[in-house]
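First up is the structure itself, then whatever we jot down about it.
Just so it is clear, none of the values below were taken in a lab; they were calculated from the coordinates. Note that the structure is predicted; figures quoted are calculated from it, not measured. Heads up, the Cβs are rebuilt from the backbone with ideal geometry, glycines too, and the neighbour counts pull from every protein chain shown.
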């Protein structure tokens with residue numbers, strides 16, 4: 001009946017027509033602009049079909065639909081609220097027409113049913129889902145709300161409480177939960193979905209199932225009186241606002257929209273949703289979060305390109321050094337089904353590493369994410385050892401010993417001799433040059449960096465560092481291993497600090513000069529946390545460990561003396577000299593006491609304040625928040641621009657994603673380079689000019705500064 005680029009219509013028996021989504025050239029279905037147009041054309045044919053008795057909505061791909069084409073969002077969102085509303089209304093009309101067809105409509109949902117795909121199904125009369133499907137409306141994670149009727153139809157189908165939970169959280173739910181909550185009508189095996197859909201339409205034709213009550217429920221006001229609606233939505237607002245935080249307005253906006261639309265019929269309720277969506281989508285937060293999503297896709301594509309070169313996946317791994325990092329890496333391998341040797345030079349180290357893995361597995365069991373049997377299987381995949389016996393069968397080794405070049409070189413030389421010639425050897429160093437470590441190896445082409453972040457189980461990023469002699473094959477296999485561990489690998493070129501620490505320590509240097517000048521470190525922490533960082537610089541240094549930070553700081557200062565060499569004693573050095581190492585010693589910039597669940601609780605420290613004030617020998621300097629932000633962020637931004645220009649990282653997308661996943665840079669700002677684009681050349685130039693007298697740390701190279709005379713536009717340059 002109809003064949004398009006994204007969907008087709010097929011006439012079946014008894015007047016049934018099947019509408020099948022099948023986006024050509026893509027592995028998944030997405031509601032791009034072409035799909036919206038073709039759905040309009042298909043609906044024209046369905047409305048004109050005189051013998052039509054029912055419509056079956058299906059997918060020719062394993063997944064039903066992943067939602068709108070987010071790649072189209074940036075251009076639409078940048079055009080402003082009116083253009084955004086126009087973009088929405090085309091498909092709103094489509095879904096209304098689908099809902100208003102004079103025949104029953106059944107959606108058959110398998111695998112992923114998300115966003116716009118979920119909203120399409122909500123417009124249908126019946127929803128039948130396969131057991132393994134994942135359903136959800138994740139729009140709030142992009143800084144927006146459902147815009148094709150999700151906030152209108154879901155509360156009328158499944159109740160206000162379910163709608164608030166599903167939409168405000170942005171989470172995905174399984175088929176059984178969807179059935180229990182009334183979001184779907186039946187759960188049927190994938191190979192029986194089609195037959196179940198045809199049976200449902202036959203039941204409608206025979207009168208055993210009625211469509212009209214379902215349509216009435218979706219098109220009329222929510223069946224709650226004023227008091228009930230007030231209780232349902234008002235009680236949710238406090239919880240939603242607390243969970244989302246002040247920098248993420250979309251979840252609370254979604255609740256407000258559902259409340260405002262509760263007493264309205266469908267079309268008026270949809271108008272409320274459209275207006276709220278358009279305002280959110282035009283905001284800097286939504287545009288930044290869309291950029292985060294798109295950057296994440298860039299990471300995935302880059303990793304896929306690397307892993308295409310891998311013919312044999314890592315099946316047997318080994319970790320050298322059974323400390324917190326080593327134990328965490330071993331745990332991550334084991335939980336992902338990869339057998340791993342955990343080697344140390346002392347039994348106490350082995351015990352410590354196994355205890356770390358056991359602690360993490362126990363946490364998963366306590367949270368219901370793992371059963372006891374699976375925990376036992378994971379522990380059995382970790383083989384503790386004090387020798388290199390059996391290393392001749394290992395595919396991949398990650399060295400995670402103490403951060404000293406001489407020790408690492410000795411250990412790397414030892415383990416290389418015990419490995420098969422095609423095994424990959426990687427160092428978890430955070431600052432030491434991969435090229436220099438490779439000098440003592442016989443097979444430097446098989447050696448690279450694999451920098452995990454602490455805590456390993458929680459931090460998504462892994463930096464894969466390419467040394468001067470590292471082969472592409474070694475990088476490809478390491479990227480594949482990182483992905484097998486559930487991590488997001490970013491390939492970077494070898495340089496002191498690589499990418500993350502190279503940009504982090506200029507940030508810490510900015511902090512050090514602020515404290516030197518008399519700014520209260522507690523105030524700096526508050527300002528940067530209000531700006532969006534999960535923790536301020538002083539608190540972060542305590543978590544890292546002041547001894548660890550000081551060591552890395554010295555390495556970075558030797559590498560970049562013009563920018564990072566200090567001519568004063570920093571607060572970090574001062575506290576370290578007093579034996580205050582941060583959380584690990586119970587005190588650094590703050591004091592730490594175990595909380596109810598054993599997590600260190602941060603408390604004010606009179607001792608730290610007194611030590612720093614005595615050393616400063618001056619009155620506290622009061623600076624406005626904008627100045628503090630500039631003095632903290634300009635060094636990080638300048639260094640990241642240098643890294644991009646030097647080719648340390650291949651693209652703006654990878655650079656920004658790495659800082660979000662490795663440092664916790666505020667996602668609602670999209671990444672450092674996305675943030676610079678948002679404030680524009682004028683804004684960043686003003687920051688540079690205000691800070692320029694502070695020295696090279698705050699000065700762009702001349703060629704980079706010239707570009708900013710026009711516009712940053714990193715994403716235009718990066719494509």
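Can you tell me which of 674-680, 462-468, 581-587 comes out highest on packing, and rank the rest after it, using the mean Cβ neighbours within 10 Å? Can you show the working numbers first?
Working: 674-680: 20.7, 462-468: 23.3, 581-587: 19.0.
Order by mean packing, descending: 462-468, 674-680, 581-587.
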Q: Pairs of Cα atoms under 8 Å, at least six residues apart: use those to get the relative contact order of the chain, whole percent.
A: 9 percent
Q. So how far, in whole Å, is the C-alpha centre of segment 395-430 from the one of segment 568-615?
A. 34 Å
Q) Which distance in Å, rounded to a whole number, links the C-alpha centroids of segment 237-255 and segment 488-550? A) 28 Å
Q. By how many nm would the segment from residue 205 to residue 24 lengthen if fully extended, with 0.36 nm per residue of separation less the alpha-carbon distance?
A. 61.8 nm
Q: Take every DSSP beta bridge with both residues inside segment 314-493 and express the antiparallel ones as a percent of the total, to the nearest 5.
A: 15 percent
Q. For the chain, what is the mean residue ellipticity at 222 nm derived from helices alone (per DSSP H run of n ≥ 4: -39500 (n - 2.57); sum divided by total residues; nearest 500 deg cm²/dmol)?
A. -16500 deg cm²/dmol
Q | q = 0.21 Å⁻¹: log10 I(q)/I(0) that the Debye formula gives for segment 1-140, counting C-alpha atoms only | A | -1.38
Q.
Antiparallel versus total DSSP beta bridges in segment 2-282: what percent is that, nearest 5?
A. 35 percent
Q.
Over 5 Å intervals from 0, what percent of Cα-Cα pairs in segment 314-493 sits in each interval?
A. 1, 9, 19, 23, 22, 15, 7, 3, 1, 0
Q. What is the Cα centroid distance between segment 168-221 and segment 306-330, reported in whole angstrom?
A. 44 Å
Q) Using mean Cβ contacts within 10 Å as the protection proxy, how do 378-384, 299-305, 111-117 order, highest first? A) 111-117, 378-384, 299-305
Q) Rounded to the nearest 5, what % of the DSSP beta bridges within the chain are antiparallel ones? A) 30 percent
Q: Largest first and to the nearest Å, give the Cα extent of segment 107-195 along each principal axis.
A: 37, 22, 20
Q. Hey, got the Cα dimensions of segment 516-627 along the principal axes, in Å, largest first?
A. 46, 32, 29
**Q.** Stokes-Einstein diffusion coefficient of segment 254-320, Kirkwood radius over Cα pairs, 25 °C, 0.890 mPa s, in µm²/s
**A.** 152 µm²/s
Q: Would you mind computing the Rg to Rh ratio of segment 501-718 from its alpha-carbon coordinates, Kirkwood style for Rh?
A: 0.97
Q: Take the Cα atoms of segment 519-576, find their three principal axes, and give me the spread along each one in whole Å, biggest first.
A: 33, 21, 18
(Q) I'd like the FRET efficiency for residue 247 and residue 3, computed as 1/(1 + (r/R0)^6) with the beta carbon distance as r and R0 of 60 Å, rounded to 0.05. (A) 0.85
Q) Once the Cβ-Cβ distance between residue 220 and residue 89 is put in as r, and R0 is 22 Å, what FRET efficiency do you end up with, to the nearest 0.05? A) 0.55
Q | For the chain, the fraction of alpha-carbon pairs in successive 20 Å shells from zero, as % | A | 16, 43, 33, 8, 0
